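Undergrad: One structure, pasted below without further comment.
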Amino acid sequence: MKISFTSMGPEDSNAIVTFLSTNNFPFHVRREWTEVELTGVVDGGRYWNNESQGFWIIGDGECLGMAVLEDLEDDTPMFDLRLAGTYRGLGLGVLVLKELTDKVFNDHPETLRFEGQTREDNLAMRKTFVKAGFLKEAHYRMSWPADDGTRMASVAYAILRQDWESGETTRFDWNDLQV
């Protein structure tokens, strides 16, 4: 499948609200929104400003979901990825993430590393990160609020530009400090 990305702009406001309000995202901090809440966030420019840019993910002419690049004024942008419910579990995540990584490094030559985070129990996304060449860099204990009031760990993964260019993953020693 050929993946492409179409930039979002103010003309996409209604489509973004519809997409986010008609899909459930069980592993995101905010799983469900009302249309009024979403309209305020979207019309406030959340998906098109100096720091972030949203994109529709297109595969074979179909809208598979959306991705938002965040912290674009830094050399370490992050992303938010949301596939539509009908496209989850089909193995598209790795392809989409690899294409998104290519886009970031090709379009932003100042970018040194590209990062994403997910909940510790989102095993599908954690495997997607690894298969797409990302390396686990952090495990933030009890940092992600869950719907039931508990807190889960947030796990951060990143890929370095040099790793993207070489196809090799630069590893590090998790236990480098001995006391």
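The values are calculated or read from the model by the stated rules, or taken from the named source; none is laboratory data. Because the structure is a prediction, the values reported are computed rather than measured. In this analysis, Cβ positions are derived from the backbone assuming ideal geometry, glycine residues included, and neighbour counts consider all displayed protein chains.
Undergrad: Could you count how many residues in the range 4-53 are charged (D, E, K, R), in a loop (DSSP other than H, G, I, E, B) and within 14 Å of Met66 (Cα to Cα)?
TA: The total comes to 1.
Undergrad: How many residues are touching an Asp or Glu at 6+ places or on another chain (Cβ under 7 Å), closer than 18 Å to Thr86 by Cα and free of Cβ contacts under 8 Å to residues at least 60 places away in the same chain if we restrict to the range 1-53?
TA: The total comes to 3.
Undergrad: Suppose the filter is over 22 Å from Ala158 (Cα atoms) and of a type in the set (Val, Ile, Thr); does Thr101 pass it?
TA: no
Undergrad: Another one. Can you name the residue in the range 85-128 that is assigned to a helix (DSSP H, G or I) and among the acidic types (Asp, Glu) and, of all such residues, is farthest from the chain's Cα centre (by Cα)?
TA: Ranking the qualifying residues of the range 85-128, first place goes to Asp107.
Undergrad: Among the residues of the range 144-163, which ones are out of contact with any His (no Cβ under 6 Å at 6 or more places or on another chain), modelled with pLDDT of 90 or more, under 19 Å from Arg126 (Cβ atoms) and not polar (S, T, N, Q)?
TA: Across the range 144-163, the qualifying residues are Trp144, Arg151, Met152, Ala156, Tyr157, Ala158, Ile159, Leu160, Asp163.
Undergrad: Identify, by number, the condition in (1) surrounded by fewer than 14 Cβ atoms within 10 Å (Cβ to Cβ); (2) of a type in the set (A, V, I, L, M, F, W, C); (3) touching a Cys at 6+ places or on another chain (Cβ under 6 Å) that Trp56 doesn't meet.
TA: (1)
Undergrad: Can you tell which of Arg113, Arg88 is at negative phi, modelled with pLDDT of 95 or more and of a type in the set (D, E, K, R)?
TA: Arg113
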